[in-house]
Amino acid sequence: MVFLFSRIKSMLFFLFLPCFCSGQPAPPPLRFSTFLDPSNMVCLRWDHDEQELMSFELQVHTTGWVAFGFSPHGELPGSDIVIGGVFPNGSIYFSVS
């Protein structure tokens, strides 16, 4: 699943980071959402603020990891990809490429 969005590579790390910091206030609700698969197991929620900063939430029924990409042309070559998951010990990881 590859989605159109420019300048996302540098912003994704900062968008996901607050989700895992303790003591942070709950983020505002996201106004837009859609299921990305026919089984309704992958739900994408998003919103933007006055400065057009995008916030994303991906809810996935998974075995421990998920990858999500953005592309200006809807293809894998040249896309920005985020891979995240949970290790067996419960620690969380994210990688942006």
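The values are calculated or read from the model by the stated rules, or taken from the named source; none is laboratory data. Predicted model, so just to flag it, every value in this text is computed and none were measured. Positions of Cβ are generated from backbone atoms using ideal geometry, with glycine treated the same way; all protein chains shown enter the neighbour counts. With ligands, DNA and RNA removed, areas are computed over all heavy atoms of the protein, side chains included. Shrake-Rupley method; radii C 1.70, N 1.55, O 1.52, S 1.80 Å.
Pairs are defined by a Cβ separation below 8 Å, a sequence spacing of at least 6 or placement on different chains, a first member in segment 77-91 that is touching a residue at least 12 places away in the same chain (Cβ under 8 Å), and a second member that is outside any loop (DSSP other than H, G, I, E, B) and among the polar types (S, T, N, Q); the pairs so defined are 82/95; 83/95; 84/95. For segment 57-87, a tally of residues being outside any loop (DSSP other than H, G, I, E, B) and open to solvent by 30 Å² or more (accessible area, probe 1.4 Å) returns 11. Annotation note: Cβ proximity below 6 Å between a residue of segment 46-59 that is touching a residue at least 40 places away in the same chain (Cβ under 8 Å) and a residue that is open to solvent by less than 80 Å² (accessible area, probe 1.4 Å) and in a strand (DSSP E or B) (sequence gap 6+ or interchain) occurs for 55/47; 56/46.
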